[in-house]
Amino acid sequence: MSAVVAEHDDHEHHDHGPEKGLLRWFVTTNHKDIGTLYLVFALAMFFVGGAMAMVIRAELFEPGMQFVQPQFFNSMTTMHALVMVFGAVMPAFVGLANWMIPMMIGAPDMALPRMNNMSFWVLVAGVLLLASTLFMEGGAPAGGWTLYPPLVLQTGDALPFAIFSVHLLGISSIMGAINIIATIFNMRAPGMTLMKMPLFVWTWLITAFLLIAVMPVFAGAVTMLLTDKFFGTTFFDAAGGGDPVLYQHIFWFFGHPEVYIMILPTFGVASTIIPVFARKPLFGYNSMVYATASIAFLSFIVWAHHMFTVGMPMAGELYFMYATMLIAIPTGVKVFNWTATMWKGAMTFETPMLFSISFVILFTIGGFTGLMMAIAPSDFQYHDTYFIVAHFHYTLVPASIFILMAAGYYWLPKWTGNMYNEKIGQLHFWLSVVSVNILFFPQHFLGLAGMPRRIPDYAVQFADWNMISSIGGFIFGVSQLLFLYIVVDTIRGGTGEKVTDEVWEDAHKHGLEWTLPSPPPYHTFTTPPTVIPTEHL
Amino acid sequence: MSTNNAYYIPHRATWPILATLGLTITLAGFANYLNGVAIGPVMMVIGFAAFIVMLAGWFTLQATESESGMYNTQVGISYRMGMMWFIFSEIMFFAVFFGTLWYTRNLSVQWLGGEGVGAATKELLWPSFEANWPTNGPGNVGGEFEPMGAWGLPFINTLILLSSGVTCTWAHHGLLAKKRDQLIKGLIATVVLGFLFVLFQAFEYHEAYTEMGLTLGSGIYGSTFFMLTGFHGLHVCIGAIFLSVVLFRSVKGHFKPENHFAFEAAAWYWHFVDVVWLGLFIFVYLM
């Protein structure tokens, strides 16, 4: 390596292009390359996790056992969650962060480029280790993505692999988060003050703090699972003085910030896209920043609302109920601000905006069902039913996933220099938005009627809504192939129309990335920009 | 530092891939070993060897680059931020086990003894269990044991670790005052004290296992005791190896008063390990 170092020990190294051939992707330290790797990997995992969801919906299409064994069904629910959370949504946002943050703050690259490479490849290793459990004796983990003991300790050969995969995913996330923090604090162009940063950068900064605070907590929890299973400890065994509920506390101390790790960057992208297509500054920029920070803070003190039925003391039920409801305030501020941004705006409805608007509406539905479950006595009724499944899928699919789609449509022209096919994009949007509601809205009714989650069979009175939900699921699943088509098509030239630097009307007033050529050169902002766009403020 | 104004961005990195491979093969090997698959230990050795090679290579690369003046002040800030937040993540990792100790000792063991909402638990499951600490639970898991006292080896280890913090700072002062001799002597003292701590902890563990009946399987007391002190001991080892690398570089003439990130990082890490030990000494041994 020292030879390479000597070779590049000059001032001209920024003009280097990428390495030739396939090796480029393994040794790259370029934030754009690594961003692409993350995004492609996340898209692949989106389809892997989606295929698992298809298995689940096929089995639930009718009552009775149709296609798979109950054990495998439970493996599917568990793996679907783990793959989507750790393999699709989180990496997709890290990919966006890699691509966009340096370009948005006027930095030449991420602060720690070598570590950036490592965090991606450790992620791949973690997901591969997890995926390998599907082929092991005793099957993949089937106790739910929360990995609650004592149930999860009954897992076969897969258990240590799943645990170590969590460790690797944690290492990857922590390295990624440290990189993002160092980049945002240390690499901003002169004049790019914190309160001028695009909201996407702000939300990622706060998300990064959540990540380094809670990923080690999850690592600690699964380490105790490992020692309970293999080394005779009794952390989660009452006979030795431990407590299985302790695991739930630790898990959800991680788990609740974790769900905000998936939603805060979502908010950031929405806050970046909506002003551009409403042709107005973001309403209440400062309040958006403070609301994001408040939500992040609150996420650390509400964890036991996931455990209302576990047998907590009354004081705990009440505290976690009220604390949880507090989250509605900063979240309400955000929804209000997005709406107010669009108010009297000169709006146009290109695909990114369509996805963003539907995000505002459908995420609000997910938020309201969240409030319903924050009410402890009501939660006793909905707990572990399809109502909670409907709730969190509303906050993840038409929220996080839709915004990831919006981000794809919004930035693909910048990344590739080609325009995507707007007609197919809109078709993708309308198919998705209709089918996602056919898929998840009936699950509210199923849950309220008492259908439990994570069970492959159900009583006949649930049959109709399940069939409708499954039909929605199949349409949604197939519709996403349109997105795959559009991504590939746009990379290969798209409509053939060459896009301008700003791509979207007046976008260069909203963010630095639109002042760069489309596609941007391999190295950007090797000298910092002088003009800081402030239209988003 | 360097007069080079540009932020140094490497073009290709080969060590991260090896790091990933080493880490993954080690963990996959460990998982196989736990499942009783024969290839497991072999994989662990291969993976760990790869990891060591990676560490040596990556450190050498960074040291060479640093000494040749490729890192400007801004790069140094990135590295310091990286180390600082890495240590923060480590604090959160230890917080889990401290939290576990607090929860089991003050809540779950008390509930098993009938306190609060646990009255029925006690009556129906373990009517004869009295909540005390230390305990191995109502099931007397792991059999009779003797808890670890604070004033023998653990107290000596406290003094060792605290002194090592002093010698480490003394070495830092030497570096800043361009007294290479003081830097090297201070680091030697720190590293020796660090490994002495590990040695004494090994004696302590040996005594616990052979004479006190105290093992990792001694119920919740044994679980929390060995998990907390074990992970701490592992971190002492890592910190001492880190300091050894810094010592080696100091002997080779590396580091300047205005440019010595590796020394600072090692010192921060060492102080972090020190503070965790104080927490351990108070909450695990004394109370």
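The values are calculated or read from the model by the stated rules, or taken from the named source; none is laboratory data. Everything numeric here is computed off the predicted structure, so don't read it as measured data. Cβ coordinates were reconstructed from backbone atoms using ideal geometry, including for glycine residues, and neighbour counts include every protein chain displayed. Heads up: the accessible areas ignore ligands, DNA and RNA and are worked out on the full protein's heavy atoms, side chains in. Shrake-Rupley method; radii C 1.70, N 1.55, O 1.52, S 1.80 Å.
At-a-glance table
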quantity: Qualifying positions in the stretch A:482-502 - modelled with pLDDT of 95 or more and hydrophobic (A, V, I, L, M, F, W, C); calculated: A:482, A:483, A:484, A:486, A:487, A:488, A:491
quantity: Of all residues making up the stretch B:143-160, the number that are open to solvent by less than 20 Å² (accessible area, probe 1.4 Å) and touching a Ser or Thr at 6+ places or on another chain (Cβ under 8 Å); calculated: 0
quantity: Residue among B:230, B:239 that is out of contact with any helix residue (DSSP H, G or I) (no Cβ under 8 Å at 6 or more places or on another chain) and either assigned to a helix (DSSP H, G or I) or not assigned by TED's automatic domain parsing to the domain that holds residue B:177 (or both); calculated: B:230
quantity: Count - residues of the stretch A:135-151 that are part of a helix (DSSP H, G or I) and under 17 Å from residue A:83 (Cβ atoms); calculated: 1
quantity: Among the residues listed as B:99, B:118, the single one being more than 9 Å from chain A (Cβ to nearest Cβ) and of a type outside the set (S, T, N, Q); calculated: B:118
quantity: Selected residue (only one of B:132, B:140, B:136 is assigned to a loop (DSSP other than H, G, I, E, B) and open to solvent by less than 20 Å² (accessible area, probe 1.4 Å)); calculated: B:136
quantity: From A:486, A:491, residue being surrounded by fewer than 17 Cβ atoms within 10 Å (Cβ to Cβ) and of a type in the set (A, V, I, L, M); calculated: A:491
quantity: Flag for residue B:202 being aliphatic (A, V, I, L, M) and touching a residue at least 12 places away in the same chain (Cβ under 8 Å); calculated: no
quantity: Residues satisfying the stated conditions in the stretch A:177-188, i.e. more than 7 Å from chain B (Cβ to nearest Cβ) and crowded, with 23+ Cβ neighbours inside 10 Å; calculated: A:177, A:179, A:180, A:183, A:184, A:187
quantity: Lone qualifier among A:475, A:424 - being closer than 30 Å to residue A:370 by Cβ and surrounded by fewer than 21 Cβ atoms within 10 Å (Cβ to Cβ); calculated: A:475
quantity: Out of A:261, A:274, sole residue that is open to solvent by less than 10 Å² (accessible area, probe 1.4 Å), within 16 Å of residue A:510 (Cα to Cα) and not in a loop (DSSP other than H, G, I, E, B); calculated: A:274
quantity: Members of the stretch B:196-220 found to be open to solvent by 10 Å² or more (accessible area, probe 1.4 Å), part of a helix (DSSP H, G or I) and not polar (S, T, N, Q), listed by number; calculated: B:196, B:198, B:199, B:200, B:202, B:203, B:205, B:206, B:207, B:209, B:211, B:212
quantity: Residue match in the stretch A:74-92 (condition: open to solvent by 10 Å² or more (accessible area, probe 1.4 Å), away from chain B (no Cβ under 14 Å) and either among the polar types (S, T, N, Q) or assigned to a loop (DSSP other than H, G, I, E, B) (or both)); calculated: yes
quantity: Yes/no for residue B:71 being at pLDDT 95 or above, closer than 27 Å to residue A:187 by Cβ and either assigned by TED's automatic domain parsing to the domain that holds residue B:30 or hydroxyl-bearing (Ser, Thr, Tyr) (or both); calculated: no
quantity: Criterion (open to solvent by 10 Å² or more (accessible area, probe 1.4 Å), among the small types (Gly, Ala, Ser) and either within 13 Å of another protein chain (Cβ to nearest Cβ) or touching a strand residue (DSSP E or B) at 6+ places or on another chain (Cβ under 9 Å) (or both)) met by exactly one of A:142, A:107, A:131, A:111; calculated: A:131
quantity: Residues being open to solvent by 10 Å² or more (accessible area, probe 1.4 Å) and more than 10 Å from chain B (Cβ to nearest Cβ) - total across the stretch A:214-230; calculated: 0
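Yes/no per residue for (1) surrounded by 18 or more Cβ atoms within 10 Å (Cβ to Cβ); (2) in contact with a helix residue (DSSP H, G or I) (Cβ under 9 Å, 6 or more places away or on another chain); (3) of a type in the set (Val, Ile, Thr):
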site	(1), (2), (3)
B:10	yes, yes, no
B:17	no, yes, yes
B:24	yes, yes, yes
B:27	yes, yes, no
B:34	yes, yes, no
B:37	no, yes, yes
B:53	no, yes, yes
B:57	no, yes, no
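Yes/no per residue for (1) open to solvent by less than 10 Å² (accessible area, probe 1.4 Å); (2) at the interface with chain B (Cβ under 8 Å from one of its Cβ atoms); (3) under 23 Å from residue A:87 (Cβ atoms):
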{"site": "A:154", "(1), (2), (3)": "no, no, no"}
{"site": "A:158", "(1), (2), (3)": "yes, no, yes"}
{"site": "A:162", "(1), (2), (3)": "yes, no, yes"}
{"site": "A:167", "(1), (2), (3)": "no, yes, yes"}
{"site": "A:170", "(1), (2), (3)": "yes, no, yes"}
{"site": "A:175", "(1), (2), (3)": "no, no, yes"}
{"site": "A:197", "(1), (2), (3)": "yes, no, no"}
{"site": "A:200", "(1), (2), (3)": "yes, no, yes"}
{"site": "A:212", "(1), (2), (3)": "yes, yes, yes"}
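Yes/no matrix, rows are residues, columns are (1) of a type in the set (Phe, Trp, Tyr); (2) closer than 30 Å to residue A:508 by Cα; (3) modelled with pLDDT of 95 or more; (4) not in a loop (DSSP other than H, G, I, E, B):
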{"position": "A:203", "(1), (2), (3), (4)": "no, yes, yes, yes"}
{"position": "A:210", "(1), (2), (3), (4)": "no, no, yes, yes"}
{"position": "A:219", "(1), (2), (3), (4)": "no, no, yes, yes"}
{"position": "A:225", "(1), (2), (3), (4)": "no, no, yes, yes"}
{"position": "A:247", "(1), (2), (3), (4)": "yes, no, yes, yes"}
